[in-house]
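The values are calculated or read from the model by the stated rules, or taken from the named source; none is laboratory data. Computed from a predicted model, the values in this text were never measured in an experiment. Positions of Cβ are generated from backbone atoms using ideal geometry, with glycine treated the same way; all protein chains shown enter the neighbour counts. Note: accessible area is taken over every heavy atom of the protein model, side chains too, but ligands, DNA and RNA are not part of it. Shrake-Rupley method; radii C 1.70, N 1.55, O 1.52, S 1.80 Å.
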Amino acid sequence: MISKETYTLRNGVKLPKVGFGTWQIPPGDQTFNAVRDALSVGYRHIDTAEGYQNERSVGDAIRASKIPREDVFVTSKLESHIKTFEGALAAFDKTLEELGFDYLDLFLIHAPWPWSEIGKDCREGNVLAYKAMEQRHREGRIRAIGVSNFSPDDLVNIIEHTEIVPHVNQIGYFIGLDQKETIDFCNDKGIFVEAYSPLGIGYLLKNETLIEMAKRYQVSAAQIAIRYLLDKGVCPLPKSVHKHRMVENITLDFHISKEDTKVLDAIKGDPRRWQ
Ligand code: A2P
């Protein structure tokens, strides 16, 4: 099963090839039930964030599953407005407390700027926050560290002013949004790419080309979208609150031909903006 196969980060840490995304799942019962279901159908990689406000429910569901902690790869993210050393240390500690864990597998700076000030120059603050994460990594409390939504320029700033080249950059990556420049840069530096919104938050699934292709392969449009990203060597993080879709999204034992991959490569434009 694809959710049990792993990729290996530059520092040797392994992560299951498909993760379960929890963005937009409300805290409490909804996150608890979704993560419980995801674990029960085979996911062993859960992606959360301080900003999703559902870390506590994620931790509760993992504990309730009785699956050993070390068998589940868990990612969280530093809130986008925290750009100080002390602030990042404290926020990380709060993340562990919310999850109820004594270590985290992967911790990321959620964005290069606060969501309320997209594009703001936070170069200095990103370095300070990242240095705090390096410290917790050295202390053995985070197995791998990285960033999210970082452009090549944002990454250069981190690489030039800190010790550890980020292990991961998690970006919005899906058919229609090829992210070529960022992916080429990450591949060159050994920064592993994770793909959030692999289904374009669901909008991609309305694409006629995808629907036609899915029929031919006797799979769903979602399965085509996720398989496509795996073929690119990245880790997709699909979100669903429906168990049958969770199963579908990790049932990927088929291959997209080279010709069809080219057809998918040629689809342009962010599906989140298609109507
Ligand atoms: P739901 O949670 O109601 O199942 P992304 O992972 O790109 O953010 O996309 C998530 C969106 O796609 C959610 O609205 C989710 O709805 C929907 N979704 C997830 N998996 C599938 C699937 N296999 N088929 C159809 N829709 C799906």
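The table below lists the values:
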| item | result |
| --- | --- |
| Electrostatic dipole magnitude of segment 140-275 [Cβ: Lys, Arg +1; Asp, Glu -1; Cα centre; debye, to 20] | 640 debye |
| Chymotrypsin sites (Phe, Trp or Tyr not before Pro) within segment 206-266: DSSP coil, no more than 12 neighbouring Cβ in 10 Å | PHE254 |
| Translational diffusion of the chain, µm² s⁻¹ [Kirkwood Rh, Cα pairs; Stokes-Einstein; 37 °C; 0.692 mPa s] | 174 µm²/s |
| Accessible surface of LYS83 - all protein chains present, 1.4 Å probe, nearest 10 Å² | 30 Å² |
| Surface per residue (accessible, 1.4 Å probe) for the chain, Å² | 45 Å² |
| Mean separation of Cα contacts under 8 Å, 6 or more apart, over the residue count of the chain: relative contact order % | 18 percent |
| Rounded to the nearest 20 debye, dipole of segment 20-166 from Cβ charges on Lys, Arg, Asp, Glu | 320 debye |
| Gained length - MET1 relative to ASP102, 0.36 nm times residue gap less alpha-carbon distance | 33.5 nm |
| Rounded to the nearest 20 debye, dipole of segment 173-232 from Cβ charges on Lys, Arg, Asp, Glu | 260 debye |
| Accessible area of segment 114-167 belonging to carbon and sulfur atoms, whole % at 1.4 Å probe | 46 percent |
| Length released on extending from ALA90 to SER40, taking residue separation times 0.36 nm less the Cα-Cα span | 14.7 nm |
| Charge dipole of segment 1-133 about the Cα centre (unit charges at C-beta), most positive-ward option of PHE32, PHE92, PRO16 | PRO16 |
| Over segment 91-234, relative contact order from alpha-carbon pairs under 8 Å, at least 6 apart, % | 18 percent |
| GLU163-ILE67 pseudo-label distance in nm [points 7 Å out on the Cα-to-Cβ vector] | 3.3 nm |
| Residue of VAL263, VAL241, VAL18 that the Gaussian network model of the chain assigns the largest fluctuation, springs spanning Cα pairs under 10 Å | VAL263 |
